[in-house]
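What follows is one structure encoded as structure tokens, with my remarks underneath.
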Amino acid sequence: MAKRRKSRGKLLVVSGFSGVGKGTVIKELMAEHPDYAFSVSATTRAPRPGETDGKDYFFIDPATFDRWVEEGRFLEYARFFDRAYGTLKDHVDQLRDEGKTVILDIEVEGAMNVCRLCPDAVSVYIIPPDAKELVRRITGRGTETEEQITNRMKKAVREADIVERYGHIVVNDTVRETAAEIHSFVRGRGKDRVPREEALRLTREVQKELREILKDRENCDNITI
Ligand code: 5GP
């Protein structure tokens, strides 16, 4: 008897402000639903403590990254903070052919490129319920220099203008409910728990808060003793 072919898996693009807890939500989604798979990106940045090559990222050098760009191996890629990140086309295709819903944890520039190339991708931007808490998380990671923290905040301020282009904006209040909400969008029967207008208002609040902190930081830098 002919084997029934599995239908091709979907693409789920997930972005979010740095420190919003995106990784935890993605882990929850994968723990609850074995038909999700994580797209392991390639990056030129160094591994952080606890990260594994081939699981968190494929850690490669800049020359290899440039070669892979030339060979057309990336579905999308982006360069920022002197680093490069890219989604591997073959890796994603293989998982989708296995019927997996593939999760792309990528930033806005890459996300918009994927949405252009794959209009049926489900796109989600995760925002925090409270701007102050996010700022605490961005500044309190403990693994980054002051310059890196400032760069992350500046990037978040720019990203906030693009949030409205995402199909869904999700407020991460509790991990379980956030993951369940995203799953309902993938299944095509989701309803926003927080109305879009309210989510956009919260996004602007985060942007404003970050702008003010950046201004304070710049003033501090200008003080000469
Ligand atoms: P981190 O260095 O903290 O792991 O990631 C920094 C940013 O890069 C995050 O916003 C993450 O979503 C994004 N990122 C990770 N992989 C990719 C990728 O393949 N493409 C793009 N465009 N962004 C990525």
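Scanning segment 58-70 for residues that are in contact (Cβ under 8 Å) with a residue 24 or more places away in the chain and open to solvent by 40 Å² or more (accessible area, probe 1.4 Å) returns a single hit, 58.
Being away from the ligand (no atom under 11 Å from the Cβ), modelled with pLDDT of 95 or more and open to solvent by 40 Å² or more (accessible area, probe 1.4 Å), is that true of even one residue in segment 34-43? Yes, the conditions are met somewhere in segment 34-43.
Looking across segment 127-153, the residues that are part of a helix (DSSP H, G or I), open to solvent by 80 Å² or more (accessible area, probe 1.4 Å) and among the basic types (Lys, Arg) come down to 132, 136, 137. Confirm whether residue 144 is within 28 Å of residue 76 (Cα to Cα), of a type in the set (D, E, K, R) and away from the ligand (no atom under 15 Å from the Cβ). Taking the combined requirement at face value, the residue does not satisfy it. Among the residues that make up segment 192-200, is at least one of them small (Gly, Ala, Ser), open to solvent by 20 Å² or more (accessible area, probe 1.4 Å) and in contact (Cβ under 8 Å) with a residue 12 or more places away in the chain? Scanning segment 192-200 turns up no residue that is small (Gly, Ala, Ser), open to solvent by 20 Å² or more (accessible area, probe 1.4 Å) and in contact (Cβ under 8 Å) with a residue 12 or more places away in the chain. Checked against (1) assigned to a loop (DSSP other than H, G, I, E, B); (2) within 13 Å of the ligand (Cβ to nearest atom), residue 65 passes all but condition (1).
Pairing residues of segment 81-103 that are closer than 12 Å to residue 58 by Cβ with residues that are surrounded by 18 or more Cβ atoms within 10 Å (Cβ to Cβ) and of a type in the set (Asp, Glu), at Cβ distances under 9 Å and at least 6 apart in sequence or on separate chains, gives 86/76; 87/76. Screening segment 1-28 for residues that are under 12 Å from the mean Cα position of the chain (by Cα) and aliphatic (A, V, I, L, M) and picking the one that is modelled with the lowest pLDDT gives 20.
Of the residues making up segment 155-191, those that are open to solvent by less than 80 Å² (accessible area, probe 1.4 Å) and in contact with a helix residue (DSSP H, G or I) (Cβ under 7 Å, 6 or more places away or on another chain) number 17. Being modelled with pLDDT under 95 and not charged (D, E, K, R) narrows it down to one residue among 157, 175, 122, 170; which is it? Checking each option against the conditions leaves just 157. When we screen 78, 46, 31 for residues that are open to solvent by less than 10 Å² (accessible area, probe 1.4 Å), small (Gly, Ala, Ser) and either within 8 Å of the ligand (Cβ to nearest atom) or modelled with pLDDT of 95 or more (or both), the only hit is 78. Here 27, 55 are screened, and the one residue that is part of a helix (DSSP H, G or I) and within 21 Å of residue 9 (Cα to Cα) is 27. Taken as a whole, segment 101-111 holds at least one residue that is part of a loop (DSSP other than H, G, I, E, B), under 22 Å from residue 168 (Cα atoms) and among the aliphatic types (A, V, I, L, M).
The values are calculated or read from the model by the stated rules, or taken from the named source; none is laboratory data. As the structure is a computational prediction, the values presented were derived from the model and not from experiment. Please note: Cβ atoms are built from the backbone with ideal geometry, for glycine as well, and neighbour counts cover all protein chains shown. When the accessible area is computed, the model is the full protein with side chains, heavy atoms only, and any ligands, DNA or RNA have been set aside. Shrake-Rupley method; radii C 1.70, N 1.55, O 1.52, S 1.80 Å.
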